[in-house]
Amino acid sequence: MKTIITYGTFDLFHYGHVRLFERLSEMCDELIVGVSTDEFNALKGKAAFFSFEQRAEIVSACRFVTKVIPEQNWQQKSEDVSRYDVDIFAIGDDWEGKFDFLKSQCEVLYLTRTDSISTTEIKDNLAIKAA
Ligand code: C2G
């Protein structure tokens, strides 16, 4: 049984997120997603449109996702890898190199982000249309 874990805010869920989950699900039997809590987002300097509960509900509804857990801090990844017997930690390559410390516990994968879509771009485009 191969298990992958990934983490993120996943606000305004879009096809970039879906394609990440789809690619990861093709590499494993179980895909665990850590969704950033609102408190942790504040630490990341992010303010999501949807609350943690709403974002967790949306991510849980994605057919590629097996389990959703809260991402509450930067430190939990190592513990999560052990707790859930994770084989691969994966995240988009905008984080390239940032989580190499996990290589002592599991494989670390940085996947290419999907081009020309981001939550920020969605928000900016909507703001322009509303103006
Ligand atoms: N992503 C992607 N393609 C996009 C947009 C996002 O592949 N067009 C990926 C990102 O690379 C990331 C995941 O989707 O792996 C979630 O992105 P965000 O919600 O922006 O998460 P982030 O703020 O990067 O938080 O501890 C890790 C952090 O919680 C990651």
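Observations on the model:
- When Rg and the Kirkwood radius Rh are both evaluated on Cα atoms of the stretch 3-130, their ratio Rg/Rh stands at 0.95.
- Whole-percent carbon and sulfur share, accessible surface of the chain, 1.4 Å: 51
- Taking a straight line from the alpha carbon of K46, these aspartates and glutamates sit under 12 Å away, with near neighbours fewer than eight places off in the same chain left out: D11, D38.
- Sparsely packed loop sites in the stretch 1-99 (the trypsin sites (Lys or Arg not before Pro) outside DSSP H, G, I, E and B with at most 14 other Cβ atoms within 10 Å) comprise K2, K46, R63, K98.
- Loop-located chymotrypsin sites (Phe, Trp or Tyr not before Pro) in the stretch 20-89, at most 14 other Cβ atoms within 10 Å (DSSP): F49, W74
- Neighbour count of at most 13 Cβ within 10 Å plus DSSP loop: longest GluC sites (Glu not before Pro)-free window in the chain: 27-95
- Charge tally in the Cβ shell below 12 Å around T3, where Lys, Arg are +1 and Asp, Glu are -1, T3 excluded: -3
- The mean accessible area for residues of the stretch 3-130, using a 1.4 Å probe and ignoring ligands and nucleic acids, is 55 Å² per residue.
The values are calculated or read from the model by the stated rules, or taken from the named source; none is laboratory data. This one's a predicted model, so the numbers in the text were calculated from it and none came from an experiment. Virtual Cβ from ideal backbone geometry, glycine too; neighbours counted across all protein chains shown. For accessibility, only protein heavy atoms count, side chains too; no ligands or nucleic acids. Shrake-Rupley method; radii C 1.70, N 1.55, O 1.52, S 1.80 Å.
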